[in-house]
Ligand code: DOR
Ligand code: ZN
Ligand code: ZN
């Protein structure tokens with residue numbers, strides 16, 4: 001049966017204004033998209049009244065960790081996609097640092113099969129650049145592409161060897177696939193847990209310097225120029241990286257980049273002196289100056305998209321303290337409310353800008369047919385209540401990972417329901433719908 005979503009508010013892409021819209025959905029696709037005007041004739045159709053709430057294309061998150069296979073105690077494809085749906089995401093791209101590492105076609109297929117059986121949103125897996133992500137030997141790129149990998153990355157670690165990265169880029173380019181890079185030079189990091197800044201100084205800790213990230217960004221932009229590959233920089237966190245990407249783009253290198261909500265709203269000066277490991281992620285929270293550079297980079301297009309780097313860990317792992325706990329925080333269920341509250345409600349960004357960075361722009365960067373409300377597109381949608389204020393409560397997360405620094409934050413902009421391919425997969429009232 002066709003579905004009408006009536007009385008939705010959508011952002012007009014040209015004027016940025018909120019516009020009343022009615023959408024007709026048939027066979028999982030948007031068939032009609034009517035702006036303004038009276039409620040259409042909905043006879044014979046299922047009707048969903050959006051009640052004036054914001055309707056957005058479903059969010060697209062091109063950097064997430066689902067932990068399966070191998071770390072099911074942290075997250076599974078089932079729990080991770082459920083958490084994504086609750087956060088308004090309809091397409092997510094999991095990283096290959098699983099156990100085994102997603103470095104063989106069988107593992108890519110395992111992830112895709114599991115996602116088809118147990119997932120509730122679209123799952124587009126990456127495959128590893130090097131076997132076991134050890135940086136020693138390249139994986140079988142053609143076979144991994146054939147199995148369904150959308151790109152190549154050793155996320156979790158940096159590719160230390162420049163020749164290996166260059167070979168990976170040349171190979172990926174020949175297969176028309178991007179290389180996605182976690183930029184980190186190990187020789188500069190020395191086991192530190194926080195950035196080399198105020199917090200580290202105050203506590204007499206070793207710090208992770210900005211150059212450990214930016215050196216790889218600079219190196220890789222040169223290698224991308226030499227090979228012609230689409231090179232995508234993960235989780236930009238430093239002013240220096242922004243500067244290098246801006247330069248790369250200005251001379252025509254095919255470089256794109258992403259930033260995470262936490263690097264836009266938190267700095268190392270916000271880390272509590274209790275040394276709570278819910279504030280530990282890689283790259284680490286940087287200085288307020290870096291935060292402002294990342295915001296400006298996103299605003300001027302140097303940084304293309306927003307991703308969560310959703311990195312769930314168990315409560316026990318995160319209770320080991322700042323030095324010993326693993327890096328990473330929960331991302332899906334706080335991303336939009338955080339950014340909407342901190343940047344749109346404060347007047348710094350338009351709502352349209354934020355939505356673009358989580359929908360149309362990731363679709364453009366990765367060549368995906370999602371992220372739009374145009375007729376003909378897959379009906380991947382999320383409805384959002386912009387007025388309801390609620391506190392972040394990790395106990396309510398659908399993710400197994402409750403590791404967040406945002407507990408108790410009062411935020412606006414919570415999703416109400418999420419639809420994937422014309423099927424409502426999650427609602428605020430009833431939860432997951434399989
Ligand atoms: O914070 C992070 N968590 N950064 C990474 O690079 C890896 C990720 C993880 O897998 O937990
Ligand atoms: Zn990473
Ligand atoms: Zn990651």
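The values are calculated or read from the model by the stated rules, or taken from the named source; none is laboratory data. All figures in this text were calculated on a predicted structure; none of them were measured in a lab. Neighbour counts are summed over all protein chains in view; Cβ atoms, including those assigned to glycine, are modelled from backbone coordinates with ideal geometry.
Points worth noting:
- Residue in segment 301-315 that is assigned to a helix (DSSP H, G or I) and either within 16 Å of ligand 1 (Cβ to nearest atom) or touching a residue at least 12 places away in the same chain (Cβ under 8 Å) (or both) present: yes
- Flag for residue 92 being assigned to a strand (DSSP E or B) and at pLDDT 95 or above: yes
- Checking residue 78 against (1) over 17 Å from the mean Cα position of the chain (by Cα); (2) within 16 Å of ligand 3 (Cβ to nearest atom); (3) closer than 23 Å to residue 318 by Cα, the condition it does not meet: (2)
- Here 374, 391 are screened, and the one residue that is touching a residue at least 60 places away in the same chain (Cβ under 8 Å) and farther than 21 Å from residue 347 by Cβ is 374.
- Filter result for residue 220 (over 30 Å from residue 346 (Cα atoms), surrounded by fewer than 21 Cβ atoms within 10 Å (Cβ to Cβ) and within 16 Å of ligand 2 (Cβ to nearest atom)): no
- Qualifying residues in segment 1-27 (those that are assigned to a loop (DSSP other than H, G, I, E, B) and surrounded by 14 or more Cβ atoms within 10 Å (Cβ to Cβ)) - the one modelled with the lowest pLDDT: 13
- Only listed residue being under 15 Å from residue 90 (Cα atoms) and surrounded by fewer than 22 Cβ atoms within 10 Å (Cβ to Cβ), chosen from 393, 388, 433: 433
- Filter result for residue 65 (over 17 Å from residue 384 (Cα atoms) and surrounded by 15 or more Cβ atoms within 10 Å (Cβ to Cβ)): yes
- In segment 80-103, the residues that are more than 16 Å from ligand 2 (Cβ to nearest atom), surrounded by 23 or more Cβ atoms within 10 Å (Cβ to Cβ) and over 17 Å from residue 421 (Cβ atoms): 80, 83, 86, 87, 103
- Options 111, 159: the member that is assigned to a helix (DSSP H, G or I) and in contact with a strand residue (DSSP E or B) (Cβ under 9 Å, 6 or more places away or on another chain): 111
- Hits in segment 132-156 (condition: under 30 Å from residue 191 (Cα atoms), assigned to a helix (DSSP H, G or I) and away from ligand 3 (no atom under 16 Å from the Cβ)): 132
- Wholly enclosed strands (runs of 3 or more DSSP E) of segment 333-434 bearing at least 3 residues under 21 Å from residue 264 (Cα atoms) and in contact with a strand residue (DSSP E or B) (Cβ under 9 Å, 6 or more places away or on another chain): 381-391, 410-420
Residue-wise test of (1) surrounded by 20 or more Cβ atoms within 10 Å (Cβ to Cβ); (2) closer than 13 Å to residue 309 by Cα; (3) modelled with pLDDT under 95.
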position	(1), (2), (3)
243	no, no, no
255	yes, no, no
259	yes, yes, no
269	no, no, no
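- Residue tally, condition surrounded by fewer than 24 Cβ atoms within 10 Å (Cβ to Cβ) and touching a strand residue (DSSP E or B) at 6+ places or on another chain (Cβ under 8 Å), over segment 320-332: 1
- Of note, residue 153 satisfies the criterion of being touching a residue at least 60 places away in the same chain (Cβ under 8 Å), closer than 24 Å to residue 262 by Cα and within 16 Å of ligand 1 (Cβ to nearest atom).
- Evaluation of residue 225 against (1) more than 16 Å from ligand 3 (Cβ to nearest atom); (2) closer than 26 Å to residue 366 by Cα; (3) in contact (Cβ under 8 Å) with a residue 60 or more places away in the chain (one fails), failing number: (3)
- Selection status of residue 83, under 14 Å from the mean Cα position of the chain (by Cα) and more than 19 Å from residue 142 (Cα to Cα): yes
- Taken over segment 28-48, the residue count meeting the criterion of being in contact with a strand residue (DSSP E or B) (Cβ under 7 Å, 6 or more places away or on another chain), loosely packed, with under 14 Cβ neighbours inside 10 Å and over 21 Å from residue 423 (Cβ atoms) is 3.
- Positions within segment 130-149 being in contact with a helix residue (DSSP H, G or I) (Cβ under 7 Å, 6 or more places away or on another chain) and within 18 Å of residue 64 (Cβ to Cβ), in sequence order: 148, 149
- Selected residue [under 14 Å from residue 271 (Cβ atoms) and crowded, with 16+ Cβ neighbours inside 10 Å] from 194, 179: 194
Yes or no, residue by residue, for (1) touching a helix residue (DSSP H, G or I) at 6+ places or on another chain (Cβ under 8 Å); (2) over 24 Å from residue 66 (Cβ atoms); (3) modelled with pLDDT under 95:
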{"position": "283", "(1), (2), (3)": "yes, no, no"}
{"position": "295", "(1), (2), (3)": "yes, yes, no"}
{"position": "332", "(1), (2), (3)": "yes, no, no"}
{"position": "337", "(1), (2), (3)": "no, no, no"}
{"position": "344", "(1), (2), (3)": "yes, yes, no"}
